[in-house]
Structure formats: structure tokens, C-alpha cells
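The structure appears right after this line, and notes come after that.
The values are calculated or read from the model by the stated rules, or taken from the named source; none is laboratory data. The structure displayed is predicted, hence computed values, not measured ones. In this analysis, Cβ positions are derived from the backbone assuming ideal geometry, glycine residues included, and neighbour counts consider all displayed protein chains. These area figures cover heavy atoms from the full protein model, side chains too; ligands, DNA and RNA do not enter into them. Shrake-Rupley method; radii C 1.70, N 1.55, O 1.52, S 1.80 Å.
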Amino acid sequence: MSEPDVDLEFGYSLSFPLPFRVFALTSLGILAWATNLHGLDNFGVDAVSALDLRIGDHYSPSQRYWPDSPRKTDVTVLYKNVYRIFVTYTVWCLMSWTMFRSLSQGDPALVDVFGYIPAVFALVTVLILLLPFNVLFKSERDKFLHAIRRCISSPPGSPIYFADVVFADVFTSLAKVLGDVFISLRMLLPGNSLLEPPADHGWTRWIMPTIMSIPYLVRFRQCVIEWLSADNTSRRPLANAVKYATAFPVMYLSAAQRLVVSDLINEKGKQAADEAWHGEHPLFRLWLLFAAINSLYSFWWDVTNDWGLELLKPGSKASGRPLPPRRLVLPHLHSGTALLGSHRPVEEVEERATYPFGLRPTLLYPLPVYPLLVFLNLVLRLTWSIKLSSHLHSKSEGSVAIFLIEVAEIFRRWMWVFVRVEWEVIKKARESRNTGRTSLSDTDEPDFEMITTPTMEHNIHP
């Protein structure tokens, strides 16, 4: 093969092999979480209380959420620490990539010679994550590992915390990254190359979808535990479990598409391998069916249940009809902070008497944000099944497009977190109002008048 042909086929993998793409996507995920926490704090949404994040033990529940209070400082420290992790990890990855590029010099013959560089850097990263010494963000590392253990191995009778739900949902958006880790490990084995993914034969074709299905299996398990809980009286967890279950056929039928290609090659010749559409084969049509079901069901669930919008809700009254205004008090939880606060200890928000079609009475963000997020979520959900379909990115020439799809999915999840946490805050406030718990929890302090801030009036009132 001539050098121009090599550059044309493997140019992207020469400069940015798959292991470094995994590093980059992981770094982007850390940055997304840091900006989620930062953005929620700027909007006055107390993600620490909503997610029940543990920061420190020095804060007293009787303290209020003033801008210069220790609690406010702790929230700031939380996302600043995540920013520091992002910067440290990104610099570490750039060092490995720079070393690899300077030694390989874009020469295909040297790429695999120095393929040990990303392997060594990845191994050191894992060892640092597991390091028992109080260095390099030990508190954050311990919380991360504890969250993984709690999601995977929590007893069936244990409660499912909202933080674990968000954590596991974030990892469903990184399912393809987990699959890329497996492919990267195989690329580094003797006889394989960083320039192209190794071929799958026999039972090995099922390993990739199995690894990618782990985050969905975790969320499926959480939903089943919620459904079987003695306190549960709703079918919502079961319907949510069905949503995650629809992802499994997409992944495994995608792996089965190699059987489709083999059958068509036997019937039509080798030219069938270059065709993207195999509509005449039943397995291909079945994969398309489940891909459509998964994408559309997930989009409906995002809008209706995760975000609480009324756009796709059956029998919705969200048509601008007047509703009796009700006072929505955003209360303190056990952490002692308001779930929503801008410059006051506790905020009161009035639900809209009228509100735009498809939204909801209480909106904590600027109005134009919601239709934009719904549209972007629809577009990116329709690419979701591409990301879960390993047969669509088994060739090196498609790696750029697949990498961009993975970046887009992280961006979609980043948007999703803002509205998901917002809706959780509103639901908890409504539950507290309905049960009459509008005062500070675990305190004997008297009630006081609730007020709205100018920022909230701008966002809430039409």
C-alpha cells in the first residue's frame, strides 16, 4: 500500500488513535459535570441538596443559604474541585498524546511501536484512581468509586437515591466510550494495530454490546428495585425499566448485522459488503424497528417524565388556559439549604396562571431555553441508536463521524442534567407543599415570609 493510500485510510488514526479519543471524551465528561454544578449554582438551583451530595461535616443544618455563608463556599469548592480534576486530567492526557505524536511522527510503521504509551498512561490513571493515599483529590476519587459500588451492588431493598439515578444515566451516555475502552485494549494486544479495530469472529462479536449494555443494565436494575419497593404505588418505574430494556435489542441486533452482511455476500457477491442499506434482510429491518422504538420512547420519556414538560403528555392542559395561581415554596431539606436560592435563604415562586403550550407552570430557567432543548434533544436522540450500533463504526473511515456523535451525546446529556435537576427540585417542593412541610426541616426556627428575587420574577412571570 502506498503512503498516500495509508494516509487516506488511516490519517485520522495516525494523529488521534482510539485510546486518545477515549481520554478526550472522558475529559469532556468531567468538564460537563463541572459546568453542570457551576451552572446550577449560578441559576440558584441547589444541586447539592437535590442530589444529596456530601461535601463536609462542618456545616450546621441551621445555617441558611446566604451568598457568603460557609454553605455557599462549599458549593463553590465542589465544582472548583471538579474543574481542577478536569485541568489535571487534561494536562496528563495532553502529555501522553504529545509524547506519542513526537515519537511516532505520523509514520504508520511507528504508530504500533509506540502504542505502549497510551497503555502506560491509562494504567497509571487507573492506579491513581485506586490510590489509597490522601493525594490527588482523594475525597473526590473515593466518592466516585463509592457511587459506582452503590449503583452496581446496592441491596435490592435499599432506596434508590436521585444522585445514583443521575450518575447511572450519565454513564448510559458514555456506553460507547466503555466499548471503545474494550476495543482499545484489543488494539494493544500483539498482532493488532492502533490503525484499525480488530475483526470480530464468532462469539467475540457479542462482547462489545455486552460491555456497552452495562450502564443500561444498572439503570434497569434501579428501576426494578424502585418498582418492587414496598413504598411504591406507581407503574412509572416499570415503564422506565422498559425504556432501558429497549436499548438491549438495538445493541445486540447491531452486532448481528455482521451475519446479515455474510448472508448477503453469499447471495449477491462481495459488493454487498460496501452497501449501507440491507432492507431486504429481516434482521436489518428488526434492528431498524428497535432503533426507532428506543429513540422515540427515550425522547418522550425525557420530555414528559424527566423534565416534567406537558408537550407530549396525554390529556395535557398546557394550552395557555388560566389555572388558579398557587404558591410554590422551595423548602430546605436535611442539608438545611433552600433547594432554590439566588440571594435569599429560601425562595418562593408562584406557579404561572398561564404558561406556553407544552411547558409547565413553574420554570426556573429563561423561557426560550425549553423549546431549544426539546428540539436539540429530539435531533440528538435520533442519533442515539447510531452510537449504540457497533456495526456502523467498525471501520476506521467512520471514526471521525462516530467521535463527533459521541461528543454530541455528552452535550445532550449535559443539557439534560440542567432540566432534570430543575424538575426534581420542583417536584420536591410540590410534595413538601402538599404535605404542609414548608418550614425548615429538623429545626425549631419559626416560619418567615417567603419572597421572590428579581431574577426569579423575570424567569417565572410571563
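Select from the stretch 363-391 the residues that are polar (S, T, N, Q) and at pLDDT below 90 and write down the one among them that is nearest to TYR244 (Cα to Cα).
Step one: of the stretch 363-391, the residues polar (S, T, N, Q) are 377, 383, 385, 389-390.
Checking which are at pLDDT below 90 leaves us with 383, 385, 389-390.
Numbers: THR383: 16, SER385: 13, SER389: 15, SER390: 18 Å.
My answer is SER385.
Of all the numbered requirements in (1) surrounded by 15 or more Cβ atoms within 10 Å (Cβ to Cβ); (2) out of contact with any strand residue (DSSP E or B) (no Cβ under 9 Å at 6 or more places or on another chain), MET187 misses one, and that requirement is (2).
Is it fair to say LYS313 is open to solvent by 70 Å² or more (accessible area, probe 1.4 Å) and at pLDDT 65 or above? Steps first, answer last, please.
Values: open to solvent by 70 Å² or more (accessible area, probe 1.4 Å): yes; at pLDDT 65 or above: yes.
Considered against the rule, which asks whether it is open to solvent by 70 Å² or more (accessible area, probe 1.4 Å) and at pLDDT 65 or above, LYS313 comes out as yes.
Screening the stretch 226-255 for residues that are surrounded by fewer than 21 Cβ atoms within 10 Å (Cβ to Cβ) and polar (S, T, N, Q) and picking the one that is nearest to PRO209 (Cα to Cα) gives THR246.
Hey, among ALA122, ALA199, which residue is open to solvent by 30 Å² or more (accessible area, probe 1.4 Å), within 30 Å of ALA255 (Cβ to Cβ), more than 25 Å from the chain's Cα centre (by Cα) and small (Gly, Ala, Ser)?
Working: ALA122 fails: more than 25 Å from the chain's Cα centre (by Cα).
Selected residue: ALA199, the only one of ALA122, ALA199 that is open to solvent by 30 Å² or more (accessible area, probe 1.4 Å), within 30 Å of ALA255 (Cβ to Cβ), more than 25 Å from the chain's Cα centre (by Cα) and small (Gly, Ala, Ser).
Being under 15 Å from PRO19 (Cα atoms), modelled with pLDDT under 95, out of contact with any Gly (no Cβ under 9 Å at 6 or more places or on another chain) and of a type in the set (A, V, I, L, M, F, W, C) is true of VAL111. Based on what the data block shows, is LEU129 open to solvent by 70 Å² or more (accessible area, probe 1.4 Å) and at pLDDT 95 or above? So LEU129 does not fit the description; no.
Taking the stated definitions as given, is LEU228 under 19 Å from ASP164 (Cβ atoms) and touching a Cys at 6+ places or on another chain (Cβ under 9 Å)?
Here the answer is no, as LEU228 does not meet what is asked.
Let's see how each residue does on (1) more than 28 Å from ILE117 (Cβ to Cβ); (2) without any contact (Cβ under 8 Å) to a residue 60 or more places away in the chain:
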| residue | (1), (2) |
| --- | --- |
| ILE160 | yes, no |
| ALA163 | yes, no |
| LEU178 | no, yes |
| LEU185 | no, yes |
| LEU195 | no, no |
| GLY202 | yes, yes |
| THR210 | yes, yes |
| GLN222 | yes, no |
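Counting just the residues of the stretch 419-436 that are among the hydrophobic types (A, V, I, L, M, F, W, C) and out of contact with any Phe, Trp or Tyr (no Cβ under 7 Å at 6 or more places or on another chain), which one comes out nearest to SER173 (Cα to Cα)?
Start the filter on the stretch 419-436 by keeping residues that are among the hydrophobic types (A, V, I, L, M, F, W, C), which leaves 419, 421, 423, 425-426, 429.
This time we only want the ones that are out of contact with any Phe, Trp or Tyr (no Cβ under 7 Å at 6 or more places or on another chain), so: 421, 425-426, 429.
Numbers: VAL421: 17, VAL425: 23, ILE426: 25, ALA429: 29 Å.
Result: VAL421.
Here TYR355 meets the list (1) assigned to a loop (DSSP other than H, G, I, E, B); (2) hydroxyl-bearing (Ser, Thr, Tyr); (3) modelled with pLDDT of 90 or more; (4) surrounded by 17 or more Cβ atoms within 10 Å (Cβ to Cβ) almost entirely, failing just condition (3).
So, in the stretch 406-462, exactly how many residues are modelled with pLDDT under 60 and in a helix (DSSP H, G or I)? Break it down into steps so the answer makes sense when it comes.
Taking the stretch 406-462 as the starting set, the residues that turn out to be modelled with pLDDT under 60 are 437-462.
Next cut, in a helix (DSSP H, G or I) only: 454-460.
Number of matching residues: 7.
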